[in-house]
Amino acid sequence: MSDLVEAALALWGVTGNDCEFVAGRENRVYRVRTSQGDFALRIKRPGYREMSELNSELQWLDAMEKSGLHVPLPLPSRNGRFLECIDSFYVDMVSWLPGKPLGKSRHPLELHNRSDTFYALGAEMAKMHAACDEWQRPDGFHRCDWDLEGLLGESPLWGRFWDNPTLPKDTRELFVQFRSVARDRIAELSSGLDYGLIHADLVRENVLLDGKTIKIIDFDDGGFGYRLFDIATVLSKNMAEPDYSELKSALIEGYLNRRALNIEGLDVFITMRALTYVGWIVPRIHETGGELRNERFVSEAKNLCISFFNMR
């Protein structure tokens, strides 16, 4: 166990406990087993988020858990803080939620009652969005903006996807064309699009199933954005399923039966969601498996852009 992990555990008063590394991307995550329960120790990637953003995420999680959502609950350190800094690394600890991920990326879904599960997920997303709207955010709350500029502006949150250096000329031109059309389309719809705090990364691994209970983890990319972006993220990761149409209908029905939402323009958001990965992967192409992921992201985004224009 590294000195950094040992120092972090000491700040939360859980030294000498079983600590297992489980994931490492934007955060290095360790599962800490204690007599009081299991927790996730998260060591933040330097430079990825500002201190104010990290504190805001933890305040947000605390509020959502108190509102009845099944999300990780931040654990204060022995100093009474949700967030600590050790040798320029920000660290926190949150409750470890039991459950099984909705699925694994690029593998067929293995679910019983598939449509029922997506209906329940849609309802839980609506519950989350409603709770976010009801919450009185504290002064200084700071999270990123998945708005028009954050998605399609000159400096999108996840990078200039049209400048991905691996793009062939015709693919780059296709992405540039979509960007222009999508900006106009969202501007046209803007007054009718629901906007507020969103999770922004509802991929399969961030949705846990615990019996009939839906749990949501990893709010690292959460911020202010279009509520359709959350729906688009779920759908974009399940388009290869043979019953995708049924899953899509169930997800939307579950949401709308709990909360109103204008779903006009959903096709634009699904395609935009795919394009964000084309920008996101650029600084990660040379990581293990990065080139293959890049090829997949580009291919998926290209196919969706072509379908988008063919349907117009």
Requested in this report: May I ask you to say which residue of 40, 120, 23 is within 30 Å of residue 257 (Cβ to Cβ) and of a type outside the set (Phe, Trp, Tyr)?
Outcome: 120
Query raised in the report: If you check 155, 191, 180, which single one turns out to be among the small types (Gly, Ala, Ser) and farther than 26 Å from residue 297 by Cβ?
Result: 191
Requested in this report: Look at the range 60-96 and say how many of its residues are more than 27 Å from residue 120 (Cβ to Cβ) and touching a residue at least 60 places away in the same chain (Cβ under 8 Å).
Outcome: 10
Requested in this report: Take the residues in the range 269-292 that are touching a Lys or Arg at 6+ places or on another chain (Cβ under 7 Å) and part of a helix (DSSP H, G or I), then tell me which one is modelled with the lowest pLDDT.
Outcome: 290
Query raised in the report: From the set of residues in the range 149-172 that are of a type outside the set (D, E, K, R), under 22 Å from the mean Cα position of the chain (by Cα) and surrounded by fewer than 15 Cβ atoms within 10 Å (Cβ to Cβ), which is farthest from residue 286 (Cα to Cα)?
Result: 153
Requested in this report: Could you grab me the full set of residues in the range 186-222 that are at pLDDT 95 or above, over 27 Å from residue 114 (Cα atoms) and surrounded by fewer than 15 Cβ atoms within 10 Å (Cβ to Cβ)?
Outcome: 196
Requested in this report: Go through the residues of the range 44-62 one by one and say whether even a single one is over 24 Å from residue 135 (Cβ atoms) and either touching a Leu at 6+ places or on another chain (Cβ under 8 Å) or at pLDDT 95 or above (or both).
Outcome: no
Report task. Looking at (1) in the same structural domain as residue 202 (by TED's automatic domain parsing); (2) touching a strand residue (DSSP E or B) at 6+ places or on another chain (Cβ under 9 Å); (3) not polar (S, T, N, Q), find the lone condition where residue 51 falls short. Result -> (1)
Requested in this report: Go over the candidates 142, 107 one by one and state the one that is without any contact (Cβ under 8 Å) to a residue 24 or more places away in the chain and surrounded by fewer than 20 Cβ atoms within 10 Å (Cβ to Cβ).
Outcome: 107
**Report entry** Meets criteria (touching a residue at least 24 places away in the same chain (Cβ under 8 Å) and touching a Lys or Arg at 6+ places or on another chain (Cβ under 6 Å)) for residue 26
**Finding:** yes
**Report entry** Scan of the range 161-218 for residues that are of a type in the set (Phe, Trp, Tyr) and farther than 18 Å from residue 275 by Cα, ordered by number
**Finding:** 195
Requested in this report: Just need a number here: residues in the range 83-142 that are at pLDDT 95 or above and either part of a helix (DSSP H, G or I) or polar (S, T, N, Q) (or both).
Outcome: 23
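The values are calculated or read from the model by the stated rules, or taken from the named source; none is laboratory data. What you are looking at is a predicted structure, and each value in this text was computed from that prediction instead of being measured. Neighbour counts are summed over all protein chains in view; Cβ atoms, including those assigned to glycine, are modelled from backbone coordinates with ideal geometry.
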